[in-house]
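For reference, the structure is listed below as structure tokens.
Quick note: the coordinates plus some simple rules give every number you see, no bench work behind them. Bear in mind that the values here come from a model prediction, so they are computed numbers and not experimental data. All Cβ positions, glycine included, derive from the backbone under ideal geometry; neighbour counts span all protein chains shown.
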Amino acid sequence: GIGYGVVVALTFGFTPVLLTRYMARTGDLAAPGYAFVVAGVLLMISSVLLGKRNASTLGKGAKR
């Protein structure tokens, strides 16, 4: 629970910052958009993985 929250917080905290710095260097105005897309994709992937892990844990608990 806590570890997952930290990962999400770091992902959303650092991704826009890094891409904004990249944008400032390259002059690419689309970088903030990329930041939101990347963060969204990472969140979806991590949510699916977390959901699968929780589902298997709940399934084991129900069988007991």
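A compact table of results
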read-out: Virtual spin-label span in nm between VAL7 and VAL37, 7 Å along Cα→Cβ; value: 2.3
read-out: Phi to ³J(HN,Hα) by Karplus 6.51 cos²θ - 1.76 cosθ + 1.60 over the stretch 42-49, Hz, x for Gly, Pro; value: 4, 5, 4, 4, 5, 5, 5, 4
